[in-house]
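Below you'll find the structure, written out as structure tokens, and then a few comments.
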Amino acid sequence: MAILSILTVPDPLLKKISTAVKTVDDDLRILMDDMLETMYAAPGIGLAAIQVGRPIRVLVMDLSEDEAPPDPQFYINPEIAWVSEELATYNEGCLSVPEQYADIDRPAECKLNYLDYHGTRQNIHATGLFSTCIQHELDHLNGIVFIDYLSALKRSMYVRKVKKLVKEED
Ligand code: GNR
Ligand code: NI
């Protein structure tokens, strides 16, 4: 396994629309395993392939509690089939916008179709943090980062802070 480097805003790749996966094979599973390791090391609760520079429709997530055993989840070609009218607000963060947070409203619940680690079709009904996180990850596949929901002024402030942070790191 390998830890991959995570792109941060304003990297133009983060605006790219990711393309559907054609075949679920061992090469893809190697990438998903590396993404999971990268996400755990960050640490984060979700990661989209575009965040490690691969514009394909693949996500990994793990929402297990700190003390609980790991619960890795893999989503390939996820599609939203339904969203609730009711919204929920969550103070979101993003590994591509390190150390910055903002309250974002999203549908409280959603249903999706996807392929799992083995390429088998699955349906799921997501609520709570799971619903928020999967919608945040799905946005990445469509070139959207949570700061895109903020005012232009706030967004540029967040980008400036991230640039400074990244500069201080090297
Ligand atoms: O680690 C993450 N935490 C988080 C918190 C609230 C809402 C969404 C997220 S996802 C984020 C990891 C990430 O950037 N995924 O794309
Ligand atoms: Ni993110």
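The values are calculated or read from the model by the stated rules, or taken from the named source; none is laboratory data. As the structure is a computational prediction, the values presented were derived from the model and not from experiment. Because the Cβ atoms are built from the backbone with ideal geometry, glycine has one as well, and the counts that use them run over all protein chains shown. Just the protein is used for accessible areas: all its heavy atoms, side chains included, with ligands, DNA and RNA removed. Shrake-Rupley method; radii C 1.70, N 1.55, O 1.52, S 1.80 Å.
Taking every protein chain into account, the accessible area of segment 52-120 amounts to 54 square angstrom per residue (probe 1.4 Å). Note on segment 116-170: Cα-Cα pairs beyond 18 Å make up 58% of the total pair count. Leaving out same-chain residues fewer than 8 places away, which lysines sit with a Cα under 26 Å from that of Lys161? The reachable lysines, counting only those whose Cα sits under 26 Å from Lys161, are Lys15, Lys16. Backbone geometry of segment 97-111 corresponds, through the Karplus equation with coefficients 6.51, -1.76 and 1.60 at θ = phi - 60°, to 3J(HN,Hα) couplings of 10, x, 6, 10, 9, 7, 6, 10, 8, 9, x, 5, 9, 8, 10 Hz, x marking Gly and Pro.
Calculated FRET efficiency, Glu168 to Asp103, Cβ-Cβ distance, R0 = 30 Å: about 0.70 to the nearest 0.05. How much mean residue ellipticity at 222 nm does the chain get from its helices, if each DSSP H run of length 4 or more adds -39500 (n - 2.57) and you divide by all residues, to the nearest 500 deg cm²/dmol? Theoretical 222 nm ellipticity from helices: -9500 deg cm²/dmol.
Among Leu129, Leu7, the order of accessible area from largest down is Leu129, Leu7, computed with a 1.4 Å probe on protein heavy atoms. Once both labels are positioned 7 Å from their Cα atoms along Cα-to-Cβ, the gap between Glu79 and Tyr117 label points is 2.5 nm. Note on Leu63/Arg160: beta-carbon distance plugged into 1/(1 + (r/R0)^6) with R0 of 30 Å gives a FRET efficiency of 0.45.
Rolling a 1.4 Å probe over the protein heavy atoms of the chain, with every protein chain left in place, gives an accessible area that is 52 percent carbon and sulfur.
Principal axis extents of the C-alpha atoms in the chain (largest first, rounded to whole Å): 42, 40, 36.
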